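Asks: Starting off with a structure, shown below.
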Amino acid sequence: MRRLCFTIFIAILILITSCGSADEKRIGVSVYDFSDSFITEVRNAISSCSENDIPVTIVDAGGKQQTQNEQIERFIEEGYSAIIVNSVDRTASGVLIEKCRQNNVPLVFINREPVKDDMAKWDKVYYVGAKAEDSGIMAGELMADYWLSYPEADKNGDGVMQFVVIKGETGHQDTELRTEYFIETLLSKGIQLEKLHEDTGMWMRRGGYDVMSSFLDRSGDAIEAVFANNDDMALGAIEALQDDGYFRTSRFMPVIGIDGTPSGKAALDNGLLLGTVFNDAENQGRAAYNIAKELSEGRVPSSESIGYPLSDGHYVWIPYKPLPGLLLSGK
């Protein structure tokens, strides 16, 4: 009898344990590159949200879409209850959505927006980000404010702003829209423009340095303004300008970035960065986690349950905010 009771007890214990494992909730997170300063802030926010809540596993795709595909497949195979993805290549989102749909694993994209046709493939797909055109407009307004407030900005006195653009990843919606709306905003202010050069720094500080060095080799002091699609590239451009004698003497170059990262804000405070546009990484990370948590627990996310307004039922837009530097805030 004792042996029988002991056998039954062990059987019940195994059953309880196995049920607990099957019901365990975990959220997988794959980001395009850990070295990106803005994305680092986003993943830190996600990690913070997960403390004493549904745990997360965050992995680095290292800029390789194949690696990210394999990471998503592994999350699915290991029974994760929801997945957050910062895509390497937004055009590959459809493949990820289809894999998750087939296995009924909800998916939340962040920062890199899938095309609308892909988003419409399944009702358990969500996106969290910011409207890139707004950041381009705000960046353009900051640069226009400087140009119209400081006559010496027109170094050659021809009434035309000779500028260069350091772009992010080619084809990325933020790259194209930030650049397009930056230029449109300057034109809407009545400022005549001449774009001397444009090249990609791939969102990286080193990329910004290399591209700006090339621009200086080709055009030197003819450049009157620099727009970089993010702060990392803007800071790289500033380093190249410093190596060319700017900022170390009376020579100044207006450089505008986007993201408002901690290093970007520090450059604002010391007068190196003319301005930037704050991209709220913390709230993007929190919104993505809150959506993934609701989905993990089998609920349909709502504005009330996630704490952020949902647009069209599947989008959360976190607003940008312009951050002027010393020259603009103290003029």
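Asks: So residue 127 ticks every box in (1) among the aromatic types (Phe, Trp, Tyr); (2) assigned to a loop (DSSP other than H, G, I, E, B); (3) buried (at least 20 other Cβ atoms within 10 Å of the Cβ) but one. Which box is left unticked?
Replies: The failed condition is (2).
Asks: Something else now. The conditions are (1) open to solvent by 60 Å² or more (accessible area, probe 1.4 Å); (2) within 25 Å of residue 175 (Cα to Cα); (3) in a helix (DSSP H, G or I), and residue 319 fails exactly one of them. Which is it?
Replies: Answer for residue 319: the failing condition is (3).
Asks: Could you tell me whether segment 259-280 includes any residue that is on the phi > 0 side of the Ramachandran plot, modelled with pLDDT of 95 or more and within 17 Å of the chain's Cα centre (by Cα)?
Replies: Yes.
Asks: Only residues that are farther than 14 Å from residue 128 by Cβ and β-branched (Val, Ile, Thr): list them for segment 72-109, please.
Replies: 72, 76, 88, 91, 95, 97, 105
Asks: If you go through segment 259-274, how many residues are in contact with a Phe, Trp or Tyr (Cβ under 8 Å, 6 or more places away or on another chain) and under 18 Å from residue 168 (Cβ atoms)?
Replies: 3
Asks: Condition test on residue 29, is it closer than 27 Å to residue 261 by Cα, part of a strand (DSSP E or B) and open to solvent by 10 Å² or more (accessible area, probe 1.4 Å)?
Replies: no
Asks: Restricted to segment 237-253, and to residues that are assigned to a loop (DSSP other than H, G, I, E, B) and closer than 19 Å to residue 201 by Cα, which residue is least open to solvent (accessible area, probe 1.4 Å)?
Replies: That would be 253.
Asks: If residue 191 satisfies every condition in (1) within 28 Å of residue 131 (Cβ to Cβ); (2) crowded, with 21+ Cβ neighbours inside 10 Å but one, which is the exception?
Replies: Of (1) within 28 Å of residue 131 (Cβ to Cβ); (2) crowded, with 21+ Cβ neighbours inside 10 Å, only one is false for residue 191: (2).
Asks: Quick one: what pairs do we get from segment 292-310, first residue closer than 21 Å to residue 85 by Cβ, second part of a helix (DSSP H, G or I) and of a type in the set (Val, Ile, Thr), C-beta under 7 Å, 6+ apart or different chains?
Replies: So the pair list comes out as 294/306; 301/291; 306/291.
Asks: Report whether or not residue 155 is touching a residue at least 60 places away in the same chain (Cβ under 8 Å), open to solvent by 60 Å² or more (accessible area, probe 1.4 Å) and either over 24 Å from the mean Cα position of the chain (by Cα) or farther than 28 Å from residue 206 by Cα (or both).
Replies: Yes: the conditions hold for residue 155.
Asks: Another question about this same structure. With the condition kept exactly as written, say whether any residue in segment 159-170 is among the basic types (Lys, Arg), buried (at least 23 other Cβ atoms within 10 Å of the Cβ) and in contact with a strand residue (DSSP E or B) (Cβ under 7 Å, 6 or more places away or on another chain).
Replies: So far as segment 159-170 goes, yes, one or more of its residues are among the basic types (Lys, Arg), buried (at least 23 other Cβ atoms within 10 Å of the Cβ) and in contact with a strand residue (DSSP E or B) (Cβ under 7 Å, 6 or more places away or on another chain).
Asks: Need at least 2 residues that are open to solvent by 10 Å² or more (accessible area, probe 1.4 Å) per element, so show me which strands (runs of 3 or more DSSP E) inside segment 51-117 make the cut, counting only ones lying wholly within it.
Replies: 56-60
Asks: Could you tell me whether any residue of segment 290-313 is under 16 Å from the mean Cα position of the chain (by Cα) and open to solvent by less than 60 Å² (accessible area, probe 1.4 Å)?
Replies: No, segment 290-313 contains no residue that is under 16 Å from the mean Cα position of the chain (by Cα) and open to solvent by less than 60 Å² (accessible area, probe 1.4 Å).
Asks: For residues that are of a type in the set (A, V, I, L, M, F, W, C) and surrounded by 21 or more Cβ atoms within 10 Å (Cβ to Cβ), scanning just segment 138-152, find the one that is farthest from residue 320 (Cα to Cα).
Replies: 143
Asks: Could you tell me whether residue 261 is hydroxyl-bearing (Ser, Thr, Tyr) and surrounded by 24 or more Cβ atoms within 10 Å (Cβ to Cβ)?
Replies: Spelling it out, residue 261 is indeed hydroxyl-bearing (Ser, Thr, Tyr) and surrounded by 24 or more Cβ atoms within 10 Å (Cβ to Cβ).
Asks: Does residue 271 fit the bill of being assigned to a loop (DSSP other than H, G, I, E, B), without any contact (Cβ under 8 Å) to a residue 24 or more places away in the chain and open to solvent by less than 40 Å² (accessible area, probe 1.4 Å)?
Replies: So residue 271 does not fit the description; no.
Asks: Would you check if there is a residue in segment 244-257 being of a type in the set (Gly, Ala, Ser) and in contact (Cβ under 8 Å) with a residue 24 or more places away in the chain?
Replies: Yes, segment 244-257 has at least one match.
Asks: Scan segment 255-278 and tell me whether some residue there is of a type in the set (Ser, Thr, Tyr) and farther than 22 Å from residue 36 by Cα.
Replies: no
Asks: Could you give every pair whose Cβ atoms fall below 7 Å, whose first residue belongs to segment 43-71 and is without any contact (Cβ under 8 Å) to a residue 24 or more places away in the chain, and whose second residue is of a type outside the set (Asp, Glu), counting only separations of at least 6 or pairs across chains?
Replies: 47/56; 47/58; 67/61
The values are calculated or read from the model by the stated rules, or taken from the named source; none is laboratory data. Given the structure is predicted, the values throughout are model-derived calculations rather than measurements. Note that we place each Cβ from the backbone using ideal geometry, even for glycine, and neighbour counts take in every protein chain shown. With ligands, DNA and RNA removed, areas are computed over all heavy atoms of the protein, side chains included. Shrake-Rupley method; radii C 1.70, N 1.55, O 1.52, S 1.80 Å.
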